[in-house]
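Working notes, structure below.
Computed from the coordinates by the stated procedures, all read-outs in this text should not be read as laboratory data. Please read all numbers here as calculations on a predicted model, not as lab measurements. Backbone-built Cβ (ideal geometry, glycine too); neighbour counts: all protein chains shown.
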Amino acid sequence: MSKSTDIAALFDQYVMHTYSPTATLVDGSGCKVHNPEKNTFLDFTSGIAVHNVGHCHPKVVKAIQTQVATLGHTSNLFYTTGQALLAQRLSKLSLNGKCFFCNSGGEANEAMIKLARAWGHEKGKYEIISMQNSFHGRTLATLTATGQAKVQKGFDPLPIGFAYAEFNNLDSVKAAINEHTVAVLIEAVQGEGGVIPATEEFVVGLRKLCDEKGLLLLCDEVQCGMGRTGKWFGWQNYPVKPDAFTLAKALADGIPMGALVATAALSDVFKPGMHASTFGGNPVSCAAALAVLDVIEEEGLLEHTSKMSELFVEGLNVFVEKYEQVLEVRAKGLMVGLVVEGSAKEIVDACRDNGLLCCVAGEHVVRFLPPLNVKETNIEEALEMLGDALDSVYGGEEAAE
Ligand SMILES: *Cc1c(COP(=O)(O)O)cnc(C)c1O
């Protein structure tokens, strides 16, 4: 069981086929990972925006090791220090309210949907307007909020209480509002939908619209949160605040964890017994998340993210000039997409053959999510590998000769 092919065969025999894994990985450090054959890959997926501080960051590893050897789990029948401190940190960085902890992005969004419904309940308001092309998770409620038919197909009847509008189109949201509407749900940057940032006009307009109509503005920060865009949270790229937002992916750097963060007034809608999670906010996840916050702060990763983003985008734009099949670069911080004319998967596969791991976002977008502490040399390496991959797929100068 030490060869890639053996591991893949066993996996395929016993793990349900909901995924299509490619390479087999056995260890990692920073932005490099290895397969069992000791080949090195430059990891520009970061476990899908999870390892924002890189693989096995020593400070995070130490925090997890120390906590798991001290107190691993208590349930929420008891007070624990880490959960209190983490809720304080996240609240102070954002809405000055309160947090609820769970174990994943889908679960965090479920909690946010429940909070919105509880808030609107007495007024008979329950419907949530989400965006076409969005992604909010795979539970029944969150896949219904997800505005993509391919995610919903085969699972009907879907829960009621969801409506859809066009992203970055305020009139479309206005048209979807009715007497049952309770909230509008957006991603500041649509991730799975193709790395599409919300326009400032849209977000500011939504805040105003929600205030006028008595609706909540909710942000799904599961992918674009935790420094990914160069701000702590994606919505902080805009001059307004949501009423609540969710975190997961990078929150605890690979220890499964989700969070719902809300304003003080909205937080107090949840009363004892209304929502719960056995594992939520367990000491180990909280220790990991606190270490992640420390690392981002101490290593100045927000500013670094913006700098590395500029450099990476500049390099990618060279490919837009060079290949007619490469159409556009989309980026907010180190959430970066390269839009191509044909199959993005073909480019992702060719990159992997060249030693660079990236992923797709939809059919036509190659998505790059390097760790926030990626170095300039790593960006240069990635651009070189991507260049070779593009040459091999589209035919570069050598191929043309
Ligand atoms: C990944 C993701 C989710 C789902 O998170 P899980 O942890 O897989 O449940 C929800 N929203 C967004 C924006 C995501 O990127």
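Sorting 329-339, 253-263 by average packing, meaning the other beta carbons within 10 Å per residue, from highest down gives 253-263, 329-339. For the pair M274 and L209, the difference between a 0.36 nm per residue extended length and the Cα-Cα distance amounts to 20.5 nm. May I ask for the angle, rounded to the nearest 10°, between helix 4-14 and the longest principal axis of the chain, with both axes built from Cα atoms and the value confined to 0 to 90°? Compared with the principal axis, the helix lies near 40 degrees. Of all lysines in the structure, the ones whose alpha carbon falls short of 21 Å from that of K38, not counting any fewer than 8 places away in one chain, are K3. Which of the trypsin sites (Lys or Arg not before Pro) found in the range 333-382 are loop residues per DSSP with 16 or fewer other Cβ atoms within 10 Å of their Cβ? Answer by residue number: K375.
GNM remark for the chain: springs join alpha carbons under 10 Å apart, and the peak mean-square fluctuation among T70, T246, T18 falls on T18. Largest GNM mean-square fluctuation across D156, D211, D349, computed for the chain with C-alpha springs under 10 Å, falls on D156. Multiplying the residue separation of E346 and A149 by 0.36 nm and removing their Cα-Cα distance gives an extension gain of 68.6 nm.
Of all lysines in the structure, those lying under 28 Å Cα to Cα from K153, and not within fewer than 8 positions of it along the same chain, are K114, K125, K174, K249, K345. In plain terms, the chain from T18 to T74 could stretch by 16.9 nm, reckoned as 0.36 nm per residue minus the Cα-Cα distance. For the range 1-146, relative contact order (Cα pairs under 8 Å, six or more residues apart, normalised by length) works out to 11 percent. In the range 1-57, the alpha-carbon atoms span a convex hull of 89 Å³ per residue. The value given for the range 95-210 is a Kirkwood hydrodynamic radius of 14.7 Å, derived from the mean inverse Cα-Cα separation.
Taking all Cα pairs closer than 8 Å and separated by 6 or more residues, the relative contact order of the range 58-298 comes to 30 percent.
The phi-based Karplus calculation (6.51 cos²θ - 1.76 cosθ + 1.60; θ = phi - 60°) puts the 3J(HN,Hα) values of the range 16-29 at 4, 7, 8, 10, 10, x, 10, 6, 9, 10, 10, 7, x, 7 Hz, whole numbers, x for Gly and Pro. Taking each DSSP H run with n ≥ 4 as -39500 (n - 2.57) and averaging over every residue of the chain yields -12000 deg cm²/dmol at 222 nm. When you restrict to C-alpha pairs under 8 Å that are six or more residues apart and normalise by the size of the range 67-142, the relative contact order lands at 25 percent. Against the chain, whose longest principal axis is taken from its Cα atoms, helix 376-394 shows a tilt of about 70°. Partners of K307 within straight-line reach, counting lysines whose Cα lies under 16 Å from its Cα and excluding those fewer than 8 residues away in the same chain: K231, K332, K375.
Annotation: average projected area of the chain is 20.8 square nanometres, based on the convex hull of Cα atoms across all directions. Against the main long axis of the alpha-carbon atoms of the chain, helix 344-353 sits at an angle near 50°.
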